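Structure first, commentary second.
Each reported figure results from applying straightforward, stated rules to the coordinates on display, with no laboratory input. Just so it is clear, the model here is predicted, and its values are computed rather than measured. Heads up, the Cβs are rebuilt from the backbone with ideal geometry, glycines too, and the neighbour counts pull from every protein chain shown.
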Amino acid sequence: MDHPETLAFLYVAGVLGGIVSVIVSLASLVTYPALLAVGLAPVAANVTNTVALTFTAAGAAIGSRGELRGQRPTVLRLALVAAAGGATGGALLLVLPGRTFELLAPVLVFGASVVLLVQPSFSSRPLFRPVGFRPGPLLGYYCATIYSGYFGAAGGIIALVVLGAIIARPLVEVNAAKNVLAGVANGVAAIAFAFFGPVAWIHAVPLALGVFTGGLIGPSIARRIPAAALRLLVGCAGIVVAGMLAWRTYGPA
């Protein structure tokens, strides 16, 4: 049994991570290091983090009812893609070396962040407008949810960019849909981890309670941020995370 202060630390980290997830899609920037800080090995921290982050979506769904209004058919259809991607990513984590996607993560996160930042300059052109349920964007979203189920760091940014090519709504509403769908992808992967992965349940529980709380209050903060500022915040945060991932992946041992 861990000390009460450790459990309290994870709860607070979860609250902050849940808020960060809703606003800038970077919960793992807070929650994953917190799990490492309390002594978990990287793989155990990764699967425990995925299990806990499933509960962000529950809080975000409750807190984002306004932004989700009218999106139920779209979200339900995309949930099938998210579930398939989360299942694939979870299976890959259990059978492949963790280094595989780590090598791609910095490039994927950087590319998605840049696309998010420059998207407004192209959005007025027919070629770059949301196209709905076309095979290309759906395949891209499937790949994004595979990444989220497998590794997850900044996977929300990649998903947000791809969903912007599918859902023709303001960014804050696309972000709300992304938060709910992320819970589907993480939830399916979490089921596999619960049976076959090294989940540290004593750490997952307080973290899950924290991210649920953060997901609940995060939407009220997000809706007060102008769309342009939200896009800039997410994009710049993503570039910073890409740099951190690149240093950890490619830097000196």
Working note, segment 153-253: Cα radius of gyration (Å, one decimal) and Dmax (Å, whole number) are 15.9, 44
Rounded to one decimal in nm, the spacing of the 7 Å Cα→Cβ label points at VAL107 and LEU36 is 2.2 nm
Residue-ordered couplings for segment 83-94, obtained by feeding phi - 60° into the Karplus form 6.51 cos²θ - 1.76 cosθ + 1.60 and rounding to whole Hz (Gly and Pro as x), are 5, 5, x, x, 5, 5, x, x, 5, 5, 5, 7
Highest GNM mean-square fluctuation among LEU103, LEU181, LEU116, for the chain with Cα springs under 10 Å, belongs to LEU103
Within the under-13-Å Cβ sphere about GLY218, not counting GLY218, Lys/Arg +1 and Asp/Glu -1 give a net charge of +2
Put in order of increasing Cβ neighbours within 10 Å, starting from the fewest, GLU173, GLU5 give GLU5, GLU173
Of segment 10-47, those with amide N under 12 Å from the point 7 Å along the Cα→Cβ vector of ILE202 are 39-40
Projected onto their principal axes, the Cα atoms of segment 1-105 stretch, largest extent first, over whole-Å spans of 44, 33, 24
P(r) of segment 4-250 over all Cα-Cα pairs, 5 Å bins starting at 0, rounded to whole percent, reads 1, 7, 15, 20, 22, 18, 10, 5, 1, 0, 0, 0
In debye to the nearest 20, the charge dipole size for the chain, taken about the Cα centre with +1 at each Lys and Arg Cβ and -1 at each Asp and Glu Cβ, equals 900 debye
Applied in sequence order to segment 238-250, the curve 6.51 cos²θ - 1.76 cosθ + 1.60 (Karplus, θ = phi - 60°) yields integer Hz couplings, x standing for Gly and Pro, of x, 5, 4, 5, 4, x, 5, 5, 5, 5, 5, 7, 9
Summing +1 per Lys or Arg and -1 per Asp or Glu among the other residues with Cβ less than 9 Å from SER64's Cβ gives 0
